[in-house]
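The values are calculated or read from the model by the stated rules, or taken from the named source; none is laboratory data. Predicted model only: the values in this text are computed from it and were never measured. All Cβ positions, even for glycine, are placed from backbone atoms using ideal geometry, and neighbour counts span all protein chains on display. In case anyone asks, the SASA skips ligands and DNA or RNA and just uses the protein heavy atoms, side chains included. Shrake-Rupley method; radii C 1.70, N 1.55, O 1.52, S 1.80 Å.
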Amino acid sequence: MKKKLKLLIVAGARPNLMKISPLIEAIRKHNKNSRAQIKYSLVYTGQHYDKLMSEVFWKDLRLPKPDFDLKVGSATHAVQTAKIMIGFERVCNKLMPDMVVVVGDVNSTLACALVASKLGIKIAHVESGLRSFDRSMPEEINRVVTDHLSDHLFVTEKSGIRNLIREGNNKENMHLVGNVMIDTLLKFRKHAKASNILKRLGIGRNTLYALLTLHRPSNVDDRVKFRTLTDALVVLSKYATVIFPVHPRTEKMLKRYGLHNFFSLHTKSSKPANIHKNRINCIDPLSYIDFVKLMMHAKFVLTDSGGIQEETTILGIPCLTIRENTERPATIEHGTNILVGCSTEKIIAESKKILRGDIKVRKKGHLKLWDGKAAKRIIRILLRTV
Ligand code: UD1
């Protein structure tokens with residue numbers, strides 16, 4: 001092995017930060033104990049730029065300051081992807097890394113993989129192989145293209161290996177290593193336990209609540225679909241108190257479609273506030289630690305996010321996924337996750353089952369290799385490649 005492996009690690013949006021955190025920690029630990037050092041630089045593309053969508057996560061996850069901040073912000077897919085590519089090409093030309101490490105499925109993942117591949121720099125994709133088989137999702141396009149450009153494919157669950165084989169990828173490049181997002185969850189679970197978010201929101205010990213997140217363009221950008229979903233959620237709130245940290249995309253759409261009147265847009269998570277029973281309580285996006293705490297105490301979670309389907313699996317919390325498909329079938333097979341689409345009947349029926357206690361979930365979920373050591377495995381494999 002050469003004396004130093006030079007990695008360039010990319011993060012672009014909120015969900016990427018939970019994925020790079022354990023990788024950086026694994027590198028630091030390796031460097032403490034080995035002469036074969038890994039040098040790494042961190043690029044933040046700035047797809048997410050709000051304090052609540054980005055800054056608080058760096059602090060919570062104890063991430064080092066990025067070496068480069070491309071500050072691209074939001075734009076159309078083409079403009080955002082192009083801006084990331086222009087900025088990232090400059091960084092690559094300056095640093096000439098041995099390898100670019102991209103995570104997840106956001107536009108930054110794809111943009112940086114494209115730049116690296118054209119510059120002849122090796123690419124490692126963490127969270128490779130996941131497929132929803134739904135090309136209307138921008139994330140699915142990002143996943144497929146990134147995987148085909150990557151040299152090292154780090155996979156979280158067995159379905160990912162099957163998908164990659166079916167698409168003709170080289171088996172030697174695939175590594176089933178587990179889930180870096182779960183590394184982060186397991187590491188920060190004890191910090192989450194200490195969070196005072198329940199108190200700040202005025203949630204009593206015995207309050208039963210459902211935690212809701214919603215931001216997929218397929219759910220919130222289409223007026224008719226978003227209206228249907230809103231109606232379903234209003235019905236649901238007759239049975240359960242709903243806590244809803246609102247993503248900026250969703251907030252914008254709520255206002256655009258005049259739907260915010262349906263909700264009680266009344267709290268700021270930083271200030272004490274009382275959650276209203278049997279209402280949909282909209283709050284600001286939460287920090288990682290506060291959000292995990294709210295997940296841990298929820299009766300169930302309703303979401304269209306990818307990562308939350310995985311986190312609830314490990315926490316043993318029932319998750320109703322407001323989508324027709326999932327790229328994470330292991331969470332369904334495990335029994336914590338149920339696809340409810342945006343059908344009012346299904347959302348209400350499954351919620352009622354959970355509230356009645358008809359859906360039992362194992363207390364603590366364990367999936368193969370989702371054990372807090374995925375990042376360590378990845379770094380060990382990367383060291384063998386140089
Ligand atoms: C992006 C990712 C998605 C990921 C999600 C997590 C892509 C294609 N999408 O979607 O995979 O699940 O992040 O949050 O990469 N906005 C703010 N403040 C911010 C960020 C965004 O106000 O800090 C606004 C933007 O102006 C925009 C909207 O929110 O109107 C959505 O932002 P966008 O960049 O389209 O991505 P997300 O929907 O967050």
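The table that follows gives values for the structure above.
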| read-out | value |
| --- | --- |
| Where a residue in segment 113-139 is within 22 Å of N219 (Cβ to Cβ) and among the charged types (D, E, K, R) and its partner, wherever it lies, is part of a loop (DSSP other than H, G, I, E, B) and open to solvent by 10 Å² or more (accessible area, probe 1.4 Å), with Cβ under 6 Å and at least six apart | D134/N325; E139/D105 |
| Residue within segment 55-75 that is within 15 Å of the ligand (Cβ to nearest atom), modelled with pLDDT under 95, open to solvent by less than 20 Å² (accessible area, probe 1.4 Å) and within 17 Å of the chain's Cα centre (by Cα) present | no |
| Complete set of residues in segment 22-36 that are surrounded by 12 or more Cβ atoms within 10 Å (Cβ to Cβ) and over 24 Å from F188 (Cβ atoms) | A36 |
| Among (1) more than 15 Å from the ligand (Cβ to nearest atom); (2) open to solvent by less than 40 Å² (accessible area, probe 1.4 Å); (3) assigned to a helix (DSSP H, G or I); (4) not aromatic (F, W, Y) - the single one A111 does not satisfy | (1) |
| Test: residue in segment 109-126 that is within 18 Å of the chain's Cα centre (by Cα) and under 26 Å from H334 (Cα atoms) | yes |
| Some residue of segment 85-104 being over 28 Å from S287 (Cβ atoms), within 14 Å of the ligand (Cβ to nearest atom) and under 21 Å from the mean Cα position of the chain (by Cα) | no |
| Single match in L185, L229 (criterion: farther than 26 Å from L367 by Cα and of a type outside the set (D, E, K, R)) | L229 |
| Spans of strands (runs of 3 or more DSSP E) in segment 294-386 with at least 2 residues open to solvent by 10 Å² or more (accessible area, probe 1.4 Å) | 337-339 |
